[in-house]
1. If I model a spin label at A:T109 and A:A132 as a point 7 Å from the Cα along the Cα→Cβ vector, what separation in nanometres do I get?
2. If I model the stretch B:144-277 as equal point scatterers sitting on the Cα atoms and use the Debye formula, what is log10 I(q)/I(0) at q = 0.17, 0.20 Å⁻¹?
3. Shielding by partners for A:20-29, please: the mean number of other protein chain Cβ atoms within 10 Å of each residue's Cβ.
4. Filter the chymotrypsin sites (Phe, Trp or Tyr not before Pro) in the stretch B:48-92 down to the DSSP loop ones having no more than 13 other Cβ atoms within 10 Å, then list what survives.
5. With r as the distance between the Cβ atoms of B:K142 and A:N2 and R0 = 45 Å, compute the FRET efficiency 1/(1 + (r/R0)^6) and round to 0.05.
6. Can you work out the FRET efficiency for the pair B:K93 and B:M206, with r the C-beta to C-beta distance and R0 = 22 Å, to the nearest 0.05?
7. Run through every distinct alpha carbon pair of the protein assembly as shown and return the Kirkwood hydrodynamic radius in angstroms, one decimal place.
8. In sequence order, what are the phi-derived ³J(HN,Hα) couplings for the stretch B:255-271 according to the Karplus relation 6.51 cos²θ - 1.76 cosθ + 1.60 with θ = phi - 60°, rounded to whole Hz, with x for glycine and proline?
Amino acid sequence: MNKNRRVLNRILTIFFIVVQIVWVGLPILMAVLWSLVDPDHPWSFPNVFPEYLSWAQWKYVFNYTNILRALKTSYLLAPCAVLLSLLLSLPTAYVLGRKNVKGKKFFQTLVLLPIIMPGMVVALFLSRVFAAFHLTQSFFGLVLAHTLMGIPYMIRVLTASFEAIPQDIIDAAENLGANTWIKIKDILLPMVRPGLLSGIVFVFTASIEEFNLTFIIGTPTFETIPTILYSFLGYNFIRTNASVVALIMMIPNIIMLFVVERLLKSDYLSASLGKL
Amino acid sequence: MERKKASAVDYLLLLPGIGFIVIFIGSSIYITVAQSFGLLSITGKSQFTFRFWEEVFHDKESLDSILFSLKIGLLSSVATLLCAFPMALFLRKSGPGKGLLSTIIKIPQFIPALVAAFLIINLISYHGIVNEVLMALHIIDKPLRMLNDKFGWGVVLIQVWKNIPFVLLILQGSLASIRDDTVDAAKNLGAGAFSILMRIYIPLAMPGILISMILMFIKAFGDFSITSVAGPAYPPSIALRMRNTATLFQEWDKAAVLGVVIIVITLLITWLYSRLADFVTGDEK
């Protein structure tokens with residue numbers, strides 16, 4: 001009986017892995033193939049695979065589109081947004097996680113507003129506010145916008161991490177004469193480090209993906225990878241160019257997935273979003 | 001656990017994070033609401049009026065967009081849940097190969113929504129691989145129109161593909177909190193697999209199920225980019241119509257009305273969720 005169950009479990013695991021490889025892998029494989037199609041030998045019906053593969057599309061995209069500039073903007077914006085959201089979140093999360101604040105539940109829900117509020121509505125009408133302060137079409141404006149979209153994750157994850165520190169440890173340190181700085185440096189920060197790292201990952205990926213606000217506030221002065229991809233998917237749909245941009249946009253994220261797999265335990269996300 | 005009582009300094013420390021969010025989200029909500037009633041107008045004279053509300057609600061096209069977005073939101077959240085829940089149950093117990101499985105499942109979480117849209121578009125386009133395979137197997141005679149289809153199945157498929165990992169992570173979290181004792185006790189008392197599912201797993205995971213469905217619904221309902229590349233020519237999603245009304249036709253006041261409609265529906269659903277969640281977890285006061 002027990003052995004049968006184990007065998008069944010094995011078979012199911014293999015079955016699900018195969019299904020998932022097709023479900024996730026096939027779309028990615030198709031994009032890879034499309035990006036390698038040789039422009040002189042178009043891939044069309046009824047060929048299942050392209051006849052000739054070449055790097056020509058990649059060269060074209062890098063030489064004749066704004067992709068390099070978009071890459072630079074995207075990867076400059078993300079660390080800025082991470083840093084700003086980190087600075088803004090730490091004090092707030094500390095208080096929410098460790099102190100008896102009145103209306104704590106209310107604040108916890110309030111924090112989620114940027115991800116609950118429909119992105120396009122915020123983008124469109126926040127752009128009116130930004131316009132009034134000359135923040136549209138500016139890099140600083142984009143940093144503020146990306147911080148806004150990432151900060152809910154950061155506050156939520158950090159709050160959960162601060163909450164998890166046992167009070168005994170802090171009391172013990174106080175008894176042994178630790179001052180505020182020592183408490184922050186040697187106890188609080190090391191103990192919230194896993195949460196801190198997963199917060200950083202969340203905000204970073206949220207920033208790389210951010211489309212609505214960047215599209216309304218930043219274009220045409222600033223193009224990020226998502227807005228450039230959108231332009232290839234729009235009126236002039238160029239599948240091969242779009243494949244290249246899509247892959248460029250994906251590669252760092254997938255590497256990050258494997259690097260942070262350890263960190264992205266389900267409890268972080270559910271701790272941060274499990275309850276409104 | 002003993003928590004220290006908050007002092008005035010603590011409330012000040014709340015400000016950086018909370019203040020930042022309140023200033024930006026608050027001001028954008030304020031402008032949306034004000035403009036929908038004709039105030040703060042940028043194109044004409046500012047004057048309080050219900051005119052734009054009447055115009056939008058007498059306009060069949062706007063209503064079509066609202067219904068379309070509601071439909072996409074509902075279908076996407078239900079479909080994603082149906083795909084993710086069995087997976088979450090299966091992954092509850094660790095076993096050989098399951099680490100690899102959960103890594104593969106999580107990949108779409110790291111693929112940006114627009115890229116996901118493009119990847120799926122490739123598969124379901126007129127001469128895409130799905131149509132080719134179905135034709136080769138003689139299941140269909142001529143290619144199906146799955147991209148930009150009238151109903152919006154293409155959009156739903158993209159939403160499901162992209163969001164399964166997100167929903168799965170939340171579900172795994174709430175399933176992990178169910179103690180094995182509870183399940184074992186039910187087994188000892190003779191409960192079958194189906195009644196364990198219906199009476200233990202689903203009810204105890206209900207808070208997670210609800211929150212993941214709500215977050216999914218909100219995403220799909222307010223979506224702009226996916227519908228604009230994979231959705232039908234008519235009707236546009238409500239967010240797409242709002243943006244076009246504002247930036248193409250420069251009718252910011254009417255766009256603001258649509259904005260308020262999106263916000264109100266979103267908040268209404270979120271409120272409904274929190275009532276439901278209180279109800280199922282027995283927090284009712």
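1. Each label point is offset 7 Å from its Cα along the Cβ direction, giving 2.7 nm.
2. Per q value, in the given order, log10 I(q)/I(0) is -0.98, -1.14.
3. Across A:20-29, the average partner-chain Cβ count within 10 Å equals 6.
4. B:F48, B:F50
5. Calculated transfer efficiency: 0.30.
6. Efficiency computed from Cβ-Cβ geometry: 0.60.
7. The Cα-based Kirkwood calculation yields 25.3 Å.
8. Values, residue by residue: 4, 4, 4, 4, x, 4, 4, 4, 4, 4, 4, 4, 5, 4, 5, 4, 5 Hz.
Quick note: the coordinates plus some simple rules give every number you see, no bench work behind them. Computed from a predicted structure; not experimentally measured. Every residue, glycine among them, receives a Cβ derived from its backbone with ideal geometry; neighbour counts consider all protein chains shown.
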